[in-house]
Amino acid sequence: MQDLFQSPDYYQLDDLLTEEHKVVRTATRDWVKKEVSPIIEDAAQKAEFPKSIIKGLGEIGAFGPYIPVEYGGAGLDQISYGLIMQEIERGDSGVRSTASVQSSLVMYPIWKYGNEAQRKKYLPKLATGEWMGSFGLTEPDHGSNPGGMTTNFKDKGDYYLLNGAKLWISNAPFCDVAVVWAKNEEGRIHGLLVERGMEGFTTPETHNKWSLRASATGELIFQDVKIPKENLLPGKNGLGAPLGCLDSARYGIAWGAIGAAMDCYDTALRYAKERIQFGKPIAAYQLQQKKLAEMITEITKAQLLAYRLGQLKNENRATTAQISMAKRNNVDMAIKIAREARQVLGAMGITGEYSIMRHMMNLESVITYEGTHDIHLLITGMDITGISAFK
Ligand code: TGC
Ligand code: FAD
């Protein structure tokens, strides 16, 4: 499938970007066209994560874009990070998932909550993709309510003994290290670095997904796993520690979803101008123009939201609730555009000849993970009323 993507910029937002932002975006876009677009449909059809792209993701700076250079990261600002996520998700949400997890859910907690020895041991290897990471928060009985987790560890003097299970974990089947959130004997949540090869640690893959098929999802199972004491993240504990990582990943998704939406819009626009019915291109009919005009309007609004959030992130002023609003709005926008774009293509829209159906199915995961659509609405509700409606 030839990748003819042309990025929409209806409000000339490029004027707001620095030269560095544009260079980073172009490099990522070119890489996605060359390395992701030609193989992704096949990978998704076969439900295989394309491991061959890991090295390239490291080379373009997609692993730890904002992590300082001294630890192997790219040392970029938050808008560059967002643009990288946008361009990768333009190719596929599953590939963006791999980059999000590695950057914001594995490298970020090691950088923010780890000690210097942990930073030096893990971050450079994670930045190149030599090591891959996963993030274990969700459990079979605790999804939206991670504070109820039962995975636990006991202090055995020389080591910690870890027991429990995590479910729905991106990258789990092949991860070299997992950042695992578990309760100590007092019920306080801590982060532990669990390495592949530790006795009692297994990572079975979850099969039969209709969504995010080019991303590997699995379980993290701990049966009396002995964790060296130096593998505990010392810098922060309590539920706020994993939730702090989610702020960073959700921010990346707010940008990423725009990429998926842009790809669906661009595909539908091109198709509508070429497809002739009743003697005219279907783009000439008002019903199709309404779809396309609404798509570009929603994409433009989402771009503005993400850009402003990026500015606030750069100034360390973005709140959890602002990030929730952008994640929720932009993923919802993308999924609606995917559904409309699919219809513009008629029967062709359901085939793997075009990316739309793959995006549409992927976005069903994106609207659920990192906090569901409902949970983000409740976060906004709590922020504006001061009253929690979760419990
Ligand atoms: P609540 O009582 O509100 O808060 C507990 C403690 O956490 C603090 N806190 C935060 N700290 C830092 N950053 C944040 N964003 C924070 N939000 C809250 C809070 O101040 C409190 O601190 P303290 O010291 O008073 O204890 O917690 P709650 O139990 O009522 O839950 C709130 C809720 C529902 C919003 C939260 O649990 C939530 O966000 N649930 C959704 C779960 C979720 O998003 N899971 C994602 C799993 S990872 C994933 O999906 C990866 S997919 C990756 C991919 O493939 O791309
Ligand atoms: P539930 O929490 O059971 O929710 C079910 C429904 O109830 C939802 O519609 C929800 O909105 C609603 N609901 C729940 N509570 C309330 C409430 N208080 N008020 C109103 N409605 C409510 N997790 C990780 O830790 N690491 C990962 O890498 C990871 N990767 C994932 C990859 C994929 C492909 C998927 C699908 C999920 C992944 N997750 C991961 C898990 C994801 O974060 C959870 O699925 C998500 O947080 C929701 O949890 P749940 O599926 O248990 O749904």
(request) For S52 paired with E205, estimate the spin-label separation in nm (one decimal), with each label point 7 Å from Cα along the Cα-to-Cβ line. (result) 1.7
(message) Of all beta bridges DSSP finds with both residues in the stretch 133-231, what is the antiparallel percent, to the nearest 5?
(response) 85
(request) Quote the convex hull volume per residue of the stretch 22-135, based on C-alpha atoms, as a whole number of Å³. (result) 84
(request) Among K156, K229, K183, determine the one that fluctuates most according to a GNM of the chain built with springs between C-alpha atoms less than 10 Å apart. (result) K156
(request) Before anything else, pin down the relative contact order of the stretch 76-194: Cα pairs under 8 Å, at least 6 apart, normalised by residue count, whole percent. (result) 22
(request) Could you tell me the distance between the Cα centroids of the stretch 205-274 and the stretch 134-155, to the nearest Å? (result) 16
(request) Over the stretch 1-58, give the accessible area per residue in Å² for a 1.4 Å probe, as an integer. (result) 61
(request) For the chain, go through all pairs of different Cα atoms, get the mean of 1/r, take its inverse, and jot down that Kirkwood value in Å. (result) 21.3
(message) Connecting C-alpha atoms closer than 10 Å in a GNM of the chain, tell me which of F63, F278, F201 has the biggest fluctuation.
(response) F278
(request) Please sort 332-339, 374-381 by packing, taking for each peptide the average over its residues of neighbouring beta carbons within 10 angstrom, highest first. (result) 332-339, 374-381
(request) Sticking to Cα atoms, compute the Rg of the stretch 250-379 to one decimal and its Dmax as the biggest Cα-Cα distance, whole number, in Å. (result) 16.0, 55
(request) Could I have the simple spin-label model distance between K391 and M348, label points 7 Å from Cα toward Cβ, reported in nm to one decimal? (result) 5.4
(request) Set the Förster distance to 41 Å, then compute FRET efficiency between S144 and E274 from the Cβ-Cβ distance, nearest 0.05. (result) 0.40
(request) Note down the relative contact order for the chain as a percent, whole number, built from C-alpha pairs under 8 angstrom at least six residues apart. (result) 18
(request) May I ask you to give the percent of accessible area on the chain that is carbon plus sulfur, with a probe radius of 1.4 Å? (result) 51
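Using only helices, what value at 222 nm comes out for the chain when you add -39,500 (n - 2.57) per DSSP H run of length 4 or more and divide by the total residues, to the nearest 500 deg cm²/dmol?
Numbers: 12 runs with 183 residues, N = 391.
Computed ellipticity for the chain at 222 nm equals -15500 deg cm²/dmol.
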(request) For the stretch 133-231, would you read off the P(r) tail past 17 Å as a percentage of all alpha carbon pairs? (result) 47
(request) Compare Y369, Y354, Y11 in a GNM of the chain, Cα atoms joined below 10 Å, and give the one with the largest fluctuation. (result) Y11
(request) Using amide H atoms built 1.01 Å from N in the peptide plane, name the residues 5+ places from S134, or on other chains, whose amide H lies under 5 Å from its own. (result) V177, A178, V179
(message) With a 1.4 Å probe and all protein chains left in place, how much accessible area per residue does the stretch 133-231 have, in Å²?
(response) 44
(request) Using DSSP, restrict attention to beta bridges with both residues in the chain and report what percent are antiparallel, rounded to the nearest 5. (result) 85
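The values are calculated or read from the model by the stated rules, or taken from the named source; none is laboratory data. Predicted, not measured: the structure shown is a model, and the values here were computed from it. Note: ideal-geometry Cβ built from the backbone for every residue, glycine included; neighbour counts use all protein chains shown. These accessible areas exclude ligands, DNA and RNA; they are computed on the full protein's heavy atoms, side chains included. Shrake-Rupley method; radii C 1.70, N 1.55, O 1.52, S 1.80 Å.
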